[in-house]
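Every number in this text was worked out from the coordinates using simple rules, so none of it is lab data. All values reported here derive from a predicted model rather than from experimental measurement. Cβ placement follows ideal geometry from the backbone for every residue including glycine, while neighbour counts extend to all protein chains displayed.
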Amino acid sequence: MSSATDKIARVILSGESGDYDLANYDTAQVDTLVKEAFSAPIPCTEMMRCSFVIGGGKKVRQKYSASLGKDLSAALQGAGFKEDKGAALAIECQGTYKRQHNTDTDLISVHVYPFVSIAAADGADDQDGGAAAAAPPSLRDDKLAIVVGQSSEDFQQTVRLKVKSFGQKRRLREELKGIEKEIQTLEAKLVNMEALTPSEDAMYNSAVDLSAKLEWLTAQIQSMISSGGLTTKEREVVKKQFEGKMAQIAEQKAGLDAASKKWANFDKAEKKIQGQLEALVAEPPVKRQIEHAREIFELKQRLAQLDSKIDSGTATLDQMTEAGRLRGRVDDLKAAQEELNWFEDHDLLEQPKAPPPKKSAAKKASSGGGGGGGGGGG
């Protein structure tokens, strides 16, 4: 039996994937949880994912420390973990974590892929892979399952229709890379004459032309960068990536002889990235129009007003009814957005802004300059 003092750590050490709520956890409790749960590889029968809710929207945010995300990240990095936005439920991803905002539930989670020590389950039958493993991500996510199983031609058509922005394409590429890692793990098992579980076999047989899809998708992303197809937020992300790469190359060059071949190769790479950066900033950002975004924004503004009354106990029955109706409308519009825009990266979305306040009649009259019967000036 585990000697861990943290109750979540005790559950994690049982070797099962799970979802955990870190409401009311402070810095010391986070440190204890991470040390007790992740200081050593966890004995288990298959790769694990531990998902921690660390915050969310107005309804729940008061339950979570404002520094919880930073505290958890710092504790994980102290335990040897690295952040990887493309991490997935694959053995190659052990020792990584990623942050995700679920816009359907309005909750923010950190998914942790711990270091594990995989052993056969007690009484498992080597011929059939033992007990059925949990369904892999590609089979749990309908949209990802679709694009993974499509032919290259159908995949390209889906991307053109449903995955139009740079942020969407980049997220899809990360998801596909995660699946590719899982497939490589399964191929290694087959080479070693190890049996696949039913879910692993289903994943292995569902994947079609992943390398070709990734190659085509990467070319599309590079084309958007060079041709000016990025929003302001997307441009900032790519700009920082280019600048980071150039800083790394400059650091490598500093320790080399300028007459060496290695220095020349670094210099060539640096000039290439510099050219890409100049092309990026030379093109103006695009303004992306997202279906239903304005209506959702306005509905949420009204909901915030109603929720304030409900929380203070001053809302009427009609106002509470209206809040419920508006919440349902927001949910419907979000579902429509999700169907129109697959693999949305919500961190890169530019939210609608509230319109400027309308001038009052008194201000309009005073700005007209005083006089008899004519219209006001501007």
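What the table shows:
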read-out	value
Karplus-derived 3J(HN,Hα), 6.51/-1.76/1.60, for each residue of the range 181-196, Hz, glycine and proline x	4, 5, 4, 4, 5, 5, 5, 5, 5, 5, 4, 7, 6, 9, 6, 8
Note, ³J(HN,Hα) from phi for the range 40-54, Karplus 6.51, -1.76, 1.60, rounded to Hz, x at Gly and Pro	9, x, 8, x, 7, 9, 7, 4, 10, 9, 10, 10, 10, 7, 10
Cross-link pairs beyond the 23 Å C-alpha cut-off, checked among Lys7/Lys63; Lys245/Lys271; Lys164/Lys268; Lys143/Lys164	Lys164/Lys268
Computed [θ] at 222 nm, deg cm²/dmol, the chain (DSSP H ≥ 4; -39,500 (n - 2.57); rounded to nearest 500)	-17000 deg cm²/dmol
Inter-part distance where the range 184-252 and the range 1-34 are each reduced to a Cα centre, Å	32
C-alpha long axis of helix 68-78 to longest principal axis of the chain, angle in °	30
Estimated inter-spin distance, Ala269 and Gln184, nm [label 7 Å along Cα→Cβ]	1.8
Rounded to 5, the percent of DSSP beta bridges in the chain classed as antiparallel	60
GNM result for the chain, Cα springs below 10 Å: residue of Lys261, Lys287, Lys143 fluctuating most strongly	Lys261
Pairwise centroid distance, computed over Cα atoms, of the range 255-277 with the range 282-309, Å	44
Cα-centred dipole magnitude for the chain, charges only on beta-carbon of K, R (+1) and D, E (-1), debye, nearest 20	2440
Theoretical FRET efficiency, 1/(1+(r/R0)^6), r = Cβ-Cβ of Leu317 and Gln248, R0 51 Å, to 0.05	0.25
Residues whose placed amide H lies under 5 Å from that of Leu107, excluding near-sequence neighbours	Asn102
Computed lengthening from Asp257 to Ala74, 0.36 nm per intervening residue step minus Cα-Cα distance	62.1 nm
Cα-based helix-to-principal-axis angle, 27-38 vs the chain, degrees rounded to 10	30
Answer label, with semi-axes √(5λ) of the Cα gyration tensor in Å calculated from the coordinates and candidates (1) 42, 32, 23; (2) 34, 24, 18; (3) 42, 26, 15	(1)
Normalised contact order of the chain, rounded percent, pairs of Cα under 8 Å and 6 or more residues apart	13
Rounded to 10°, Cα long-axis angle of helix 293-312 versus longest principal axis of the chain	90
Sites Lys35 and Thr105, calculated FRET efficiency, Cβ-Cβ separation with R0 25 Å, nearest 0.05	0.30
Two-site FRET efficiency, Arg10 against Arg160, from Cβ-Cβ distance with R₀ of 41 Å, rounded to 0.05	0.25
Relative contact order of the range 137-220, defined on C-alpha pairs under 8 angstrom at six or more residues apart (%)	44
